[in-house]
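Step one of this worksheet: look at the structure below.
The values are calculated or read from the model by the stated rules, or taken from the named source; none is laboratory data. All of these numbers come straight from a predicted model, not from anything done at the bench. Quick reminder, even Gly has a Cβ in these numbers, built from the backbone with ideal geometry, and neighbours come from all protein chains shown. Each accessible area value is taken on the protein alone, full model and side chains, heavy atoms only, with ligands, DNA and RNA left out. Shrake-Rupley method; radii C 1.70, N 1.55, O 1.52, S 1.80 Å.
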Amino acid sequence: MAIVASLPGFNLFSSLPSNPPPNDPNSSTTSASPSPPIPIPKYPPPLKKSQNAPPNPALKTVHRRTKYYKPVRDGVISSDGDRAVVIGENGVSYLLPGAPFEFQYSYSETPKVKPLAIREPAFLPFAPPTMPRPWTGKAPLKSAKEKKLKRKVPLLDSFGPMAPGTSGVKEVVMARPVELGKYPKQEKTREEILGEPLKKWEIKMLIQPQLSDNRQVNLGRDGLTHNMLDLIHSHWKRRPVCKVKCKGVPTVDMDNVCRHIEERTKGKIIHRVGGVVYLFRGRNYSHKDHPQYPLMLWKPAAPVYPKLIQEAPEGLTKDQAEEFRKKGKRLLPICKLAKNGVYITLVRDVRHAFEGSPLVKIDCRGMHASDYKKLGAKLKELVPCVLLSFDDEHILMWRGPNWISMHQAAPSPSDTADFDILSSTGRGKDYDKPCKPDTKTVMTSPKMMTLWKRSIDSNKALLLDELDLDPDALLKKVEEFEGVSQATEHSYPALIVSSEDGTSSSVQVFEEVPQSDPYSEYDDYSDNYDYESDDDDAFYDSDSIPLGSLPVDVIVEELDHD
């Protein structure tokens, strides 16, 4: 390599330039930059959306993004041939040709008040009717889904009673579609489908496998919706009983929910526990004869109803209502409602709370705004009451001017009874001064008076005649009463001797509970109790027990002798 490198005129690196070109910007010999191997693609500009082309109104959420408001009256507000949108007693309903009844989005949660306006254009939320295909000389091509169904034909059990003479062979039918707006005629009435009433052992046999099973229909804040009817029939396809689990606002009035379920599905509720309902399809139910309703493709917008909260509710002036709302902010709620709970006892609790206070507040924090507003509307009809506010996620109610007590012997409410709380004031100048005891008579409910009288008569409560007792005297009274109440609770009845020398037999005196007490909770059990089956009465012989003895002493002596 040294010899080759020493040869004249031979350069190992001949590919490299001997002298680099001068870096002269004014030189015209500079070559242009080479073009890239792949040309840059040129895309066409994006098409501008036409502002004049209106979108499909059925697919646009008009009620959420715009302030659509159209006043409505009773009658048909939109029609397309035999298909129409109707405003009536049940709110917004949809009329289809051949339908057994007017369809609604929710059958159980529609307010009884007529709507004032709608929030979206009146469109039917169902699929459009089928259009006839023009003849082109050949049959239409089948889709991949239709070809797959043709390869594997689904068969359905008839679920009907076997015809006589078939030797126990059941009929198997193919599934067939029902055109929209055409429904199978019900040849049998509801009573014929239900058949004979179920017996207790049959009900228990049908319900037992459903108790721990989660195959159920969930009924939420919208109540019994239209699409649930088809869902219930799909459950009845394989099982005779459908389990419906209700939660949320509809559970306030479960009787209303059960009535609508039986009315729309033609079934029979055989068992109900809390918010769970077990719906029986009937002895003679056949799935192939049930009506197939068209499904709703979207949820229609709720119409506009009158306001629940008014500045001056019925029976109150504006100033009185504002004063009630101020008092309600310091009022403690009677309960706190959980989201998606079961509120079966809510109406009863509110009615009992109105017996002691004209104002009642319910804590609804954590719930959706529409939920506790629906709760207020239901309580207004069921209690009844007057709604005052929904501030701070609380429902504030007033019992109203026409309130009537639940108890028969209660005094009639006066016009000024509920307004006494408005006259109370806060701390004044004389707040820290010692005040005399107020001996004014306070009216209370007759049930409370009965309980107090019963406690005093049974020596479980003490009635103080003196109100100005000092703490020491009051403590002495309590200690004396405690000894008397314990002796009365654990001792035997007193023995009364008829003669002075005490030679006659003793007679036990028992205190009888008055039979006219309407609040006795154990009257029904006292008649059915079998007193002859008690074997423990042998230990308690009243003639052999000394005065002042306790039952435990007698038992200890009996055990010691044994």
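So, in nm, how far is label Lys147 from label Lys336 when the simple model puts each one 7 Å beyond its Cα toward the Cβ?
6.2
Suppose R0 equals 25 Å. What FRET efficiency, 1/(1 + (r/R0)^6) with r the Cβ-Cβ distance, do Tyr305 and Asn402 give to the nearest 0.05?
So, using R0 = 25 Å, E works out to roughly 0.60.
Round to the nearest 0.05 the FRET efficiency obtained for Leu469 and Val347 when R0 = 45 Å and r is the Cβ-Cβ distance.
Working: r = 43 Å, r/R0 = 0.95.
Calculated transfer efficiency: 0.55.
Pairs Lys204/Lys245; Lys112/Lys378; Lys114/Lys336; Lys112/Lys268; Lys266/Lys299: which exceed 20 Å Cα-Cα?
Among Lys204/Lys245; Lys112/Lys378; Lys114/Lys336; Lys112/Lys268; Lys266/Lys299, the Cα-Cα distance tops 20 Å for Lys114/Lys336; Lys112/Lys268; Lys266/Lys299.
Placing +1 at every Lys and Arg Cβ and -1 at every Asp and Glu Cβ, with all other atoms neutral, what dipole size does region 61-118 have around its Cα centre, in debye to the nearest 20?
On the way: 8 positive and 6 negative charges, 91 e Å.
Using only the charged Cβ atoms, the result is roughly 440 debye.
Please give the contour-minus-distance gain from Arg272 to Asn90: 0.36 nm per residue of separation, less the Cα-Cα distance, rounded to one decimal in nm.
Using 0.36 nm per residue and subtracting the Cα-Cα distance, I get 62.9 nm.
With every protein chain present, what accessible area does Trp403 have (1.4 Å probe, heavy atoms only), rounded to the nearest 10 Å²?
It works out to around 40 Å².
Taking θ as phi - 60°, what are the ³J(HN,Hα) couplings along region 215-225 by the Karplus curve (6.51, -1.76, 1.60), each to the nearest whole Hz, with x for Gly and Pro?
Calculated HN-Hα couplings, in order: 7, 8, 9, 8, 10, x, 5, 7, x, 7, 8 Hz.
How much length, in nm to one decimal, is gained on full extension between Lys237 and Glu557, taken as 0.36 nm per residue of separation minus their Cα-Cα distance? Walk me through the intermediate numbers first.
On the way: separation 320, 0.36 × 320 = 115.20 nm, distance 6.97 nm.
Difference between extended and current length: 108.2 nm.
Between Asp289 and Asp82, how many nm apart are label points set 7 Å from Cα along the C-beta direction?
Simple spin-label model gives 2.3 nm for this pair.
At a 1.4 Å probe radius, carbon and sulfur cover how many percent of the accessible area of region 308-398?
50
Based on the Cβ-Cβ distance of Asp392 and Lys67, what FRET efficiency does E = 1/(1 + (r/R0)^6) give at R0 = 30 Å, to the nearest 0.05?
That gives a FRET efficiency of 0.65.
What is the distance, in nm, between label points placed 7 Å from the Cα along the Cα-to-Cβ direction at Met448 and at Ile203?
Those two pseudo-labels are separated by 3.9 nm.
Tell me, what is the 1.4 Å probe accessible area of Arg348, in Å² to the nearest 10?
130
In the full protein assembly as shown, how much of Glu381 is accessible to a 1.4 Å probe, in Å² to the nearest 10?
Taking all protein chains as shown, Glu381 has close to 100 Å².
Put +1 on the Cβ of every Lys and Arg and -1 on every Asp and Glu Cβ in region 61-118; which of Tyr69, Pro111, Ile87 then has its Cα farthest towards the positive end of the dipole?
Positive-end residue among those listed: Tyr69.
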